[in-house]
Amino acid sequence: MYYKKLKDFPKDFLWGASTSAYQVEGAWNEDGKGLSTQDMLTPPENTTDFKVASDHYHRMKEDVQLFAEMGLKAYRFSIAWSRILPEGRGKINQKGIDFYNRLIDELLKYNIQPIVTMFHFDLPWSLAKEGGWINRSIIEDFKDYAKILFENFGDRVKYWLTINEQNMMVLAGNLLGTKTSKNLQETYQQNHHMLLAQAEVMRLCHEMLLDAQIGPAPNISPVYPATNKPEDMLAAENWAALRNWLYLDACVKRIYNPTAWAFLEEKKILPNMKKGDLHILKAGKPDFIAFNYYNSTTVSASLPDDSVKYDKYDKKKMISEPGVYEVVENSNLPKTPFNWEIDPVGFRIILRQLYDRYHLPLLITENGIGLYDELDEDGKINDDIRIDFYQQHIMEMQKAMTDGVEVLGYNPWSAIDLVSTHEGFRKRYGFIYVNRKEFDLLDMNRIPKKSFYWYQKLIRENKVPG
Ligand code: BGP
């Protein structure tokens, strides 16, 4: 559908921006913080670790002041589990609580709504050493941790996200530094425990905080068939079931997706279920679906005797399952300098698909473009490519909203430059430049980019400039 007139954004629309603790905070071993899986990684060659990151832990007030200047109505950040519970369970680190209290208070001072992710890729190392999500006891650990968060911050935080990109941890855990499983059966067992832990925490949230809302935060991608061959369409549906619906059906419909279940059964990698597990799933209900959107995926049929294929750029990433699907390039789409396809219309498509399938309000918790931003001779960052990216994606979101989709807010990745999951500091996403290099920390000064002023205008006028 083409529209002559798009619906206006609601007055209370949550224009925000996103970060995650380990990618932005630094201070990896300060003020009692325990180690996390991310602290223990050996980064890829020529790539920085997460120890200093953007030094947000020490510059939090300055950063929040800039967020306020940009006009943010919301800020989506994560809490580092190992800052609150250095050993993952047991003794609370008061200094960790104090830091997030200061951050939340500072945000509210400027009327910025905190949107809090409880777990974003940085599992406490002591829990990871025990096998991480493979141990069923971690469900209790996650619940205890959540309870501490609700008790300490629930009077001020109204939007909660359970687990960031659970699906990506399952599908690409080795790239994200989150993998603790030894084989695929273990991976899906961990997934099962995460689903149960999420359901328990959503239930707890509703019990403890009457006016708070909570939801999952997977990475969701519309899946296109490579051609109009029915076999390609079937492969696209297979991949959508394994990549998207497995996670959201379990959380929202509170059932295992049948196509995904049949795949796990065939491969002999089904999770072991205990009596009562389905009741646990049924007892947790999300209030909204938060999701991260970067690109669409295109898929063709694959024959059972094809060999497994790997991504050209991310060599550790598997992109096919013989007999099930094969991810292929989409020649209609341009790419970012880091080879990610750019698909704003796909954003509208997936917003509509999600709303149609689940009938819950949607909250965008990530969307953005990684670029090699560099200061020009006047000390400025002219990131027109990023502005164009946002302009197109926000227009498509507005079209989806005109199509009838309920969207609560838009929180692009990222508020400020930070360390990418596996491509270091050179891959920048922020509205605010951080003056450091991959290894040379320089002065870490904050410099608003051109996109900062563009987004500021958009938020002020509550419409896309131009
Ligand atoms: C999402 C993660 C973020 C983030 C972003 C960009 O998967 O939730 O943590 O980093 O993607 O990805 P990358 O850093 O790999 O470019």
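The values are calculated or read from the model by the stated rules, or taken from the named source; none is laboratory data. A quick note: this is a predicted structure, and the numbers were derived from the prediction, not measured. We place every Cβ from the backbone using ideal geometry, glycine too, and count neighbours over all the protein chains shown.
Out of all the residues in the range 152-170, which are crowded, with 20+ Cβ neighbours inside 10 Å and within 16 Å of the ligand (Cβ to nearest atom)? L161, T162, I163, N164, E165, Q166, N167, M169, V170, listed by residue number. Within the range 402-413, residues that are part of a strand (DSSP E or B) reach partners that are not hydrophobic (A, V, I, L, M, F, W, C) with beta carbons closer than 6 Å, at six or more positions or on different chains, in the pairs L408/P361; G409/G16; W413/S18; W413/E366; W413/G368; W413/Y429. Looking only at residues in the range 288-326 that are part of a strand (DSSP E or B), of a type in the set (A, V, I, L, M) and closer than 25 Å to H120 by Cβ, the one that is nearest to the ligand (Cβ to nearest atom) is A290.
Screening the candidates R348, R357, R352 for the property of being farther than 18 Å from K399 by Cβ, among the basic types (K, R) and more than 16 Å from the ligand (Cβ to nearest atom) yields one hit, R357.
Yes/no matrix, rows are residues, columns are (1) crowded, with 20+ Cβ neighbours inside 10 Å; (2) away from the ligand (no atom under 11 Å from the Cβ); (3) modelled with pLDDT of 95 or more:
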position	(1), (2), (3)
G368	yes, no, yes
Y390	yes, yes, yes
M397	yes, yes, yes
E406	no, yes, yes
A415	yes, yes, yes
R428	yes, no, yes
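What's the total number of residues in the range 114-131 that are more than 18 Å from the chain's Cα centre (by Cα) and more than 13 Å from S82 (Cβ to Cβ)? Total meeting the criteria: 2.
Tell me yes or no: at least one residue of the range 290-301 is buried (at least 24 other Cβ atoms within 10 Å of the Cβ), under 16 Å from the mean Cα position of the chain (by Cα) and of a type outside the set (S, T, Y). The answer is yes, given that some residue of the range 290-301 is buried (at least 24 other Cβ atoms within 10 Å of the Cβ), under 16 Å from the mean Cα position of the chain (by Cα) and of a type outside the set (S, T, Y). Of all the listed residues (G26, G32, G16), the sole one being away from the ligand (no atom under 16 Å from the Cβ) and either of a type in the set (G, A, S) or modelled with pLDDT under 95 (or both) is G32.
For the range 115-134, which positions are free of Cβ contacts under 8 Å to residues at least 24 places away in the same chain and part of a loop (DSSP other than H, G, I, E, B)? Within the range 115-134, just E130 meets the criteria.
Taking the criterion of being part of a helix (DSSP H, G or I), in contact with a strand residue (DSSP E or B) (Cβ under 9 Å, 6 or more places away or on another chain) and in contact (Cβ under 8 Å) with a residue 40 or more places away in the chain, would at least one residue in the range 170-185 satisfy it? For the range 170-185, residues part of a helix (DSSP H, G or I), in contact with a strand residue (DSSP E or B) (Cβ under 9 Å, 6 or more places away or on another chain) and in contact (Cβ under 8 Å) with a residue 40 or more places away in the chain: present. With respect to the conditions (1) away from the ligand (no atom under 16 Å from the Cβ); (2) over 28 Å from A290 (Cα atoms); (3) touching a residue at least 60 places away in the same chain (Cβ under 8 Å), K4 lacks only one, and its number is (3).
Restricted to the range 109-123, and to residues there that are out of contact with any Leu (no Cβ under 7 Å at 6 or more places or on another chain) and away from the ligand (no atom under 16 Å from the Cβ), the residue that is farthest from S414 (Cα to Cα) is K109. Within the range 378-388, the set of residues being within 16 Å of the ligand (Cβ to nearest atom) and part of a loop (DSSP other than H, G, I, E, B) comprises D383 only.
Here's the yes/no breakdown for (1) of a type in the set (S, T, N, Q); (2) without any contact (Cβ under 8 Å) to a residue 60 or more places away in the chain; (3) farther than 18 Å from Y355 by Cα:
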| site | (1), (2), (3) |
| --- | --- |
| E231 | no, no, yes |
| N244 | yes, no, no |
| D249 | no, yes, no |
| R254 | no, yes, no |
| N257 | yes, yes, no |
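The numbered conditions (1) touching a residue at least 40 places away in the same chain (Cβ under 8 Å); (2) under 22 Å from D306 (Cα atoms); (3) crowded, with 19+ Cβ neighbours inside 10 Å are all true for E200 except (2).
For the range 147-162, what are the residues that are farther than 17 Å from K91 by Cβ and assigned to a helix (DSSP H, G or I)? Once the filter is applied, which keeps residues that are farther than 17 Å from K91 by Cβ and assigned to a helix (DSSP H, G or I), the range 147-162 yields F150, F153. Step by step: first the residues of the range 53-73, then only those that are small (G, A, S) and buried (at least 24 other Cβ atoms within 10 Å of the Cβ), then the one that is nearest to R446 (Cα to Cα). Which residue is that? My answer is S54.
How many residues does the range 327-345 hold that are within 16 Å of the ligand (Cβ to nearest atom) and either surrounded by fewer than 14 Cβ atoms within 10 Å (Cβ to Cβ) or on the phi > 0 side of the Ramachandran plot (or both)? So the count comes out to 3. Considered as a group, the residues in the range 186-227 that are assigned to a strand (DSSP E or B) and within 17 Å of K253 (Cα to Cα) include one that is farthest from the ligand (Cβ to nearest atom), and that residue is I214. Out of the range 437-466, which residues are without any contact (Cβ under 8 Å) to a residue 40 or more places away in the chain and farther than 20 Å from E396 by Cβ? Within the range 437-466, K437, D440, L442, D443, N445, Y453 qualify. Note on the range 21-114: enclosed helices (runs of 4 or more DSSP H) holding 2 or more residues that are closer than 23 Å to S126 by Cα, of a type outside the set (D, E) and in contact with a Lys or Arg (Cβ under 8 Å, 6 or more places away or on another chain) are 81-84, 94-109.
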